[in-house]
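The values are calculated or read from the model by the stated rules, or taken from the named source; none is laboratory data. Since the model is a prediction, treat every value here as computed from it, not as a measurement. We place every Cβ from the backbone using ideal geometry, glycine too, and count neighbours over all the protein chains shown.
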Amino acid sequence: MRIFKQWILAIALYVALILDGVLSVYLQPILKYGNGKASLMLLPLAVLIINFEDERNPKEFWLALGAGLVADLYFYGIIGIYIVVLPALSAFGRWYARVSPELFVVRLIGTFLASCGASLYIWLVFRILTWTNQSFQAALPSVLYTGLWSVGITILTYWIWSKLARSYPFLIDLDNYRY
C-alpha cells in the first residue's frame with residue numbers, strides 16, 4: 001500500500017489522459033465557435049496544477065515526461081508534442097509557483113498564459129508537420145479561446161489536483177515523516 005500511495009499521481013494522470021480523449025469527443029460541439037475550436041487540455045492542466053502545488057518535488061518533472069510519452073502515443077501516434085509540452089508546463093508551474101504570490105487568481109493568470117503557450121507550440125508543430133494550414137492570425141482566436149476554457153477547467157478541477165499533489169506526492173513516502 002505504501003508504494004501504491006507513491007504512484008497515485010501517475011494513475012490519476014492516466015485517468016486524466018483517458019478523460020481528456022473521451023470528453024474531447026463528446027464536448028466538441030461546446031468547444032466550437034465560428035470557424036475555430038478550443039482544445040480541452042485536461043492532462044496539461046493537471047500537470048500544471050500539480051506543479052503549482054508541489055513545486056519542490058523534482059520527480060514530478062520525470063512524471064510529466066513519462067505522461068507526455070504516453071499521451072503522444074495515445075493521441076497522435078508520434079513522439080514530440082506532449083513529450084515537450086508537459087515537461088515545459090511542469091517547469092513553468094514550478095517556476096511560477098516560486099515567483100508569484102500563492103493566490104488563486106494569480107494561479108489562474110499563470111494557467112491562462114501556460115495554456116496559450118502550449119496551444120501555440122502545438123499549432124507550430126502541426127504547422128511544421130503540415131497537419132494544419134491555418135495561419136497565425138487564424139489560429140490566435142482558437143488559442144485564446146483554449147486559454148479561457150483552461151481557466152474554467154482549472155476552476156473546476158483545481159481542488160482535486162491540489163489535494164492529490166499535497167496528499168500523495170510522486171515517489172515520496174510520506175510515512176517517513178509521520179510519528
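So here's what we get for this one:
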{"item": "Single residue of ALA114, ALA97, ALA138 found to be modelled with pLDDT under 95 and over 15 Å from ASP54 (Cα atoms)", "result": "ALA138"}
{"item": "Qualifying positions in segment 132-143 - of a type in the set (A, V, I, L, M, F, W, C) and buried (at least 16 other Cβ atoms within 10 Å of the Cβ)", "result": "ALA139, LEU140, VAL143"}
{"item": "Among residues of segment 56-85, those that are touching a Leu at 6+ places or on another chain (Cβ under 7 Å), among the aliphatic types (A, V, I, L, M) and surrounded by 21 or more Cβ atoms within 10 Å (Cβ to Cβ), counted", "result": "4"}
{"item": "Odd one out for VAL15 among (1) within 21 Å of TRP159 (Cβ to Cβ); (2) buried (at least 16 other Cβ atoms within 10 Å of the Cβ)", "result": "(2)"}
{"item": "Subset of segment 1-17 [part of a helix (DSSP H, G or I), without any contact (Cβ under 8 Å) to a residue 40 or more places away in the chain and farther than 10 Å from ALA67 by Cβ]", "result": "ILE3, PHE4, ILE11, VAL15"}
{"item": "Test: residue in segment 40-53 that is assigned to a strand (DSSP E or B) and either without any contact (Cβ under 8 Å) to a residue 60 or more places away in the chain or under 28 Å from PHE104 (Cα atoms) (or both)", "result": "no"}
{"item": "SER39 within 24 Å of LEU9 (Cα to Cα), among the polar types (S, T, N, Q) and in contact with a Pro (Cβ under 9 Å, 6 or more places away or on another chain)", "result": "no"}
{"item": "Filtered residues of segment 111-128 (kept if without any contact (Cβ under 8 Å) to a residue 40 or more places away in the chain, under 25 Å from ILE78 (Cβ atoms) and not aromatic (Phe, Trp, Tyr))", "result": "CYS116, GLY117, LEU120, LEU124, ARG127, ILE128"}
{"item": "Verdict on VAL25 being of a type in the set (Val, Ile, Thr), closer than 24 Å to GLY110 by Cβ and in a helix (DSSP H, G or I)", "result": "no"}
